[in-house]
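A quick write-up on the structure given underneath.
The values are calculated or read from the model by the stated rules, or taken from the named source; none is laboratory data. Because the structure is a prediction, the values reported are computed rather than measured. Cβ: placed from backbone, ideal geometry, glycine included. Neighbour counts: every protein chain shown.
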């Protein structure tokens, strides 16, 4: 697992962002950090990381924002948060009822090629927006897709806020509503971040 500081100004508050599959910071680079430090985790080919989690102890307030596959991955690390936000994801992201149907995920993985990757990523975003320029290699994205099948969420983990898009083509909206017991509250596709201007709007 990789990490990157998107804002590191010795603020007292931090937002920890667990990104989605295959992504980098370009999906959220427009968001104003305000008075938060912003730490992003991404690339879940392995859960091993050289990040020193003890450095988080200096913050008086810690907030989680996780998206897509990051909603599940974030639960695997013991970090104390003041609030936790899930964006278009569930604790069972590969699941016939509560996530991406298993057959579709397996077919996607089996037939994954560079053209397919482009189509998959295009489906993550609304058709009327400019696609971000993701700086991840195809090989890294493909192996991450396989690795994510092996991870299981800590189902005791609690999210305090949930965002669900009404037109999610990746993790079907109806499966997210079934998992959370909540109706969609965003008019967007799988990636809704262009609806927001500031990170604190996600808290």
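Candidates 9, 4: the one that is farther than 22 Å from residue 109 by Cβ and touching a helix residue (DSSP H, G or I) at 6+ places or on another chain (Cβ under 9 Å) is 4.
Of everything listed in (1) more than 28 Å from residue 140 (Cα to Cα); (2) touching a residue at least 12 places away in the same chain (Cβ under 8 Å), the single unmet condition for residue 29 is (1). Checked against (1) touching a helix residue (DSSP H, G or I) at 6+ places or on another chain (Cβ under 7 Å); (2) at pLDDT below 95, residue 186 meets all criteria but (2). Within the range 150-183, restricting attention to residues that are part of a loop (DSSP other than H, G, I, E, B) and touching a strand residue (DSSP E or B) at 6+ places or on another chain (Cβ under 6 Å), the residue that is surrounded by the most Cβ atoms within 10 Å (Cβ to Cβ) is 171.
Summed over the range 64-85, the residues that are more than 23 Å from residue 166 (Cβ to Cβ) and crowded, with 23+ Cβ neighbours inside 10 Å give a count of 4.
Here is the figure for the range 31-59: residues that are more than 19 Å from residue 12 (Cα to Cα) and either exposed (fewer than 11 other Cβ atoms within 10 Å of the Cβ) or at pLDDT below 95 (or both) total 2. Just a yes or no: is a residue in the range 130-149 outside any strand (DSSP E or B) and in contact with a strand residue (DSSP E or B) (Cβ under 8 Å, 6 or more places away or on another chain)? Yes, there is a match, as at least one residue in the range 130-149 is outside any strand (DSSP E or B) and in contact with a strand residue (DSSP E or B) (Cβ under 8 Å, 6 or more places away or on another chain).
Per the conditions (1) part of a loop (DSSP other than H, G, I, E, B); (2) under 19 Å from residue 143 (Cα atoms), the sole criterion not satisfied by residue 103 is (1).
Note on the range 33-43: among residues that are assigned to a strand (DSSP E or B) and touching a helix residue (DSSP H, G or I) at 6+ places or on another chain (Cβ under 7 Å), the one that is farthest from residue 136 (Cα to Cα) is 36. Quick one: in the range 102-117, of everything that is without any contact (Cβ under 8 Å) to a residue 12 or more places away in the chain and surrounded by 13 or more Cβ atoms within 10 Å (Cβ to Cβ), which residue is nearest to residue 181 (Cα to Cα)? Per the criteria, the residue is 104. For the range 12-24, the set of residues classified as within 20 Å of residue 53 (Cα to Cα) and either at pLDDT below 95 or out of contact with any helix residue (DSSP H, G or I) (no Cβ under 6 Å at 6 or more places or on another chain) (or both) consists of 12, 13, 14, 16, 17, listed by residue number.
Please tell me if residue 88 is closer than 19 Å to residue 23 by Cβ and either surrounded by 15 or more Cβ atoms within 10 Å (Cβ to Cβ) or modelled with pLDDT of 95 or more (or both). Criteria met by residue 88.
So that you can scan it fast, the table gives a plain yes or no per residue for (1) out of contact with any helix residue (DSSP H, G or I) (no Cβ under 9 Å at 6 or more places or on another chain); (2) at pLDDT below 95; (3) closer than 20 Å to residue 17 by Cβ:
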site: 80; (1), (2), (3): no, no, yes
site: 101; (1), (2), (3): no, no, no
site: 155; (1), (2), (3): no, yes, no
site: 178; (1), (2), (3): yes, no, no
